[in-house]
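The values are calculated or read from the model by the stated rules, or taken from the named source; none is laboratory data. No experiment lies behind these values; they were computed from the predicted model shown. Because the Cβ atoms are built from the backbone with ideal geometry, glycine has one as well, and the counts that use them run over all protein chains shown. These accessible areas exclude ligands, DNA and RNA; they are computed on the full protein's heavy atoms, side chains included. Shrake-Rupley method; radii C 1.70, N 1.55, O 1.52, S 1.80 Å.
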Amino acid sequence: MAYDDRYDPDTDFDRWFTVGTGRAISPWIRSGDRVLELGCATGLMSVSLVAAGASVTGVDRSDAYLERARARGIPGAEFLQGEVTDLALGRQFDHVVATNLAQEVREPSALMAVVAAHLRPGGLAHLTVPNPRSLHRLVGVEMGLLEDQRGLGERSIELETLRTLDADDLERMAASVGLRCVHRSGVMVKPLPNALMGTLPEAVLEGLIGAARHVPELSAMAYIVVR
């Protein structure tokens, strides 16, 4: 995950996935809830979580990202440097957010253990991964750009993605640490590669975020909530 020198979470098209994921999580949050956000990067999603009424503790390994997160001046948010697979804060939270992470870390089982250890009894964890059944990946297979749905494209390799996972994989990993799935959905329908998606009007992109509720199995991100 050491790519803060070549990947900007605030300007890359992927920011739309962050925005969409924040919107998906927000209805689960009640005023005063404490949220641990693993892999918070520059705090873009933290803004949505605080707006929903949460206090947020964001953790990331990148000092450069954390400096930008703190510069946002988000009320009710603190940002700490740490490894998301080797974290022991000594406190528990109402929600643990680990989005777009499991495919990046060398030991996903360690990430799940950290999630479970920091979740209070009855709390909720929110997990996402890029969906291998995403509409744009199906198009890529038909065009011969991907060998199969789980193949890693050039961009994924450049950003050091280690594996492809789906919602079933997330659910199994969560179950291995005693967490049970209570909700599954998707984040944003993505019919085209990022470069082409970035040429679309914002109104269309907003519509594609909303459309994910109709076809979660084809959405760009697989999202599950576990307890």
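For this structure, a couple of remarks:
- Note on the chain: Cα convex hull, mean projected area over all directions, 11.5 nm².
- Virtual spin-label span in nm between E217 and R6, 7 Å along Cα→Cβ: 3.7 nm
- For the stretch 1-87, the list of trypsin sites (Lys or Arg not before Pro) that fall in a loop by DSSP and count at most 12 other C-beta atoms within 10 angstrom reads R6, R30.
- Surface composition of the stretch 22-135: carbon plus sulfur atoms contribute 49% of the solvent-accessible area (1.4 Å probe, protein chains only, all chains present).
- Pairwise FRET efficiency - F13 versus R172, Cβ, R0 = 25 Å, nearest 0.05: 0.25
- S31/R120 FRET efficiency (R0 22 Å; Cβ-Cβ; nearest 0.05): 0.85
- Spin-label proximity, L196 to the stretch 126-144 - amide N less than 16 Å from point 7 Å beyond Cα toward beta carbon: 134-144
- Scattering curve values for the stretch 1-104, log₁₀ I(q)/I(0), Debye with Cα scatterers, q = 0.14, 0.15, 0.16 Å⁻¹: -0.48, -0.55, -0.63
- Counting only protein heavy atoms and a 1.4 Å probe, the stretch 112-227 has 49 square angstrom of accessible area per residue.
- Prolate/oblate/rounded call for the stretch 42-175, Cα gyration tensor, a/c under 1.5 rounded: prolate
- Sparse packing (at most 11 other Cβ atoms within 10 Å of the Cβ) combined with a DSSP loop state is found for the following trypsin sites (Lys or Arg not before Pro) in the stretch 87-155: R91, R106.
- Exposed-site-free run, longest, the chain (rule: GluC sites (Glu not before Pro); DSSP loop; at most 13 other C-beta within 10 Å): 1-146
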